[in-house]
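The values are calculated or read from the model by the stated rules, or taken from the named source; none is laboratory data. Please read all numbers here as calculations on a predicted model, not as lab measurements. In this analysis, Cβ positions are derived from the backbone assuming ideal geometry, glycine residues included, and neighbour counts consider all displayed protein chains. Protein only, heavy atoms only, side chains kept; ligands, DNA and RNA dropped before computing areas. Shrake-Rupley method; radii C 1.70, N 1.55, O 1.52, S 1.80 Å.
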Amino acid sequence: MSQFDAPGAGPAVLPELEGLLVDAARRRARPRRRRLTRRRPLLAVAAALVALVAVGLIGGGVFSGGSGPSYAEAAIEVAEANPRLLVTAPGWEVTDAGEFRVEEGETVFADGERTFTLHWYPARLYRSYLRDRAQVSAPRHSRLLGRAATTVDYGRGEYATMLAPIGRVFVEVRGRLGGRAAYQEVLHSLRRVDVDAWLAAMPANVVHPGAARARAVGRMLRGIPLPPGFDPSRLGQGTAVLDHYALGVRVAGAVSCGWVESWLAARRSGDPTAERAAVAAMAGSHRWPLLLRMQEEAPGGWALNVRHVAAQLRAGDLDQGFGQGIVRADGSGYRLGPDWATALGCQGEIRREPFEVQKPSGTG
């Protein structure tokens, strides 16, 4: 097993999803989610296919700033495209909002101790989710917000409900609230709201695209040595709406990827000076202010991936292996690797290694 493996971490992985994103670990325990893979090649968080989770961060310091009543055009586009559902039961509010886009995202509601999570995914994946969740328990069918609703029981008072597609997306909600009646009460308090109400409900740690994101990136890069040719401005670009932790993963990951790529290039060209510089930069990652803050927020979380890769560079033995594969319903699939790249989220370096699952002899 790779040192980056993390059984039980992160959200469910569906084989049809494309594009690699970083699934940021959080300090608060989250309900386990059934997945089609048995493990993924990361330590405490995984490079997952679509869906970034989030948690509220302590304000100020390296993560301060970036919210206000004026919303970027990209944030409004996301709000206009998704169903904009809010829990309206007394005492509930949005506490977490990770990266979200037009066709994918997550909001987490809480009333103190209990949490209720809402995801939206591309509508084309709805049938696949239904098939996957049908393996959890016998589905219960109903209607909610004028849509067909399918609920499954994970046991111990935990339920998940999927709504038939609304436009380009479908919604899945999930919660362990102490029993079916409590779950149904919160579930049926979901209401659609307008764009302004939905955006205003987002927590203050959300970083909107544009100038706010560029300023946040600048603060996060303070005290971090940058690899040769690194362009910080690209981290401030993009139309995704992220929380500060998710943006921190991207920033620290991009810097770390740059140093590892510099180390690999130096080895190929026989440049010991550049090789030592990369090792030294990564060896000091445990002092990077950004990673110290992230480690404080999520002990044992994603920041440890950087430290493990740094240790590999010091030993001159970078993990080039491929993790266990993602399996499609037809038995085909692929493994993602090398492990160091999936650990850091180095999208330009991540490759797929196709494979076919061998059926037991005598089966059709």
Original post:
Restricting attention to region 103-128, which residues are among the aromatic types (Phe, Trp, Tyr), in contact (Cβ under 8 Å) with a residue 60 or more places away in the chain and more than 14 Å from residue 91 (Cα to Cα)?
Top reply: 121
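Take residues that are at negative phi and surrounded by 15 or more Cβ atoms within 10 Å (Cβ to Cβ) and tell me which of the strands (runs of 3 or more DSSP E) falling wholly in region 103-172 contain 2 or more.
Values: elements: 105-110, 115-122, 140-144, 147-155, 158-166.
In region 103-172, the matching strands (runs of 3 or more DSSP E) lie at 105-110, 115-122, 147-155, 158-166.
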**OP:** Determine whether region 252-265 contains at least one residue that is over 20 Å from residue 320 (Cα atoms), touching a Pro at 6+ places or on another chain (Cβ under 6 Å) and either open to solvent by 20 Å² or more (accessible area, probe 1.4 Å) or of a type in the set (Val, Ile, Thr) (or both).
**Re:** no
Subject >> Pairs with Cβ under 7 Å, 6+ apart, first in region 257-281 and under 12 Å from residue 316 (Cα atoms) and of a type in the set (Asp, Glu), second open to solvent by less than 60 Å² (accessible area, probe 1.4 Å) and in a helix (DSSP H, G or I) >> reply: 275/263; 275/266
Original post:
Out of (1) open to solvent by 40 Å² or more (accessible area, probe 1.4 Å); (2) under 24 Å from residue 280 (Cα atoms); (3) modelled with pLDDT under 95, the odd one out for residue 225 is which?
Top reply: (3)
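Determine whether residue 178 is more than 30 Å from residue 281 (Cα to Cα), open to solvent by 50 Å² or more (accessible area, probe 1.4 Å) and either part of a loop (DSSP other than H, G, I, E, B) or touching a residue at least 40 places away in the same chain (Cβ under 8 Å) (or both). Show your work before the answer.
Working: more than 30 Å from residue 281 (Cα to Cα): yes; open to solvent by 50 Å² or more (accessible area, probe 1.4 Å): yes; either part of a loop (DSSP other than H, G, I, E, B) or touching a residue at least 40 places away in the same chain (Cβ under 8 Å) (or both): yes.
Against the criterion (more than 30 Å from residue 281 (Cα to Cα), open to solvent by 50 Å² or more (accessible area, probe 1.4 Å) and either part of a loop (DSSP other than H, G, I, E, B) or touching a residue at least 40 places away in the same chain (Cβ under 8 Å) (or both)), residue 178 qualifies.
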Original post:
So which residues in region 302-358 are modelled with pLDDT of 90 or more and of a type in the set (A, V, I, L, M), if there are any at all?
Top reply: 303, 304, 306, 309, 310, 311, 313, 315, 318, 341, 343, 344
Original post:
Given 272, 289, 299, which one is surrounded by fewer than 21 Cβ atoms within 10 Å (Cβ to Cβ) and more than 18 Å from residue 248 (Cα to Cα)?
Top reply: 272
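Within region 86-116, track down each residue that is more than 25 Å from residue 212 (Cβ to Cβ) and touching a Lys or Arg at 6+ places or on another chain (Cβ under 7 Å). Write out each step before concluding.
Pass one, region 86-116, residues more than 25 Å from residue 212 (Cβ to Cβ): 87-92, 111-116.
88 - this is the single residue of region 86-116 that is more than 25 Å from residue 212 (Cβ to Cβ) and touching a Lys or Arg at 6+ places or on another chain (Cβ under 7 Å).
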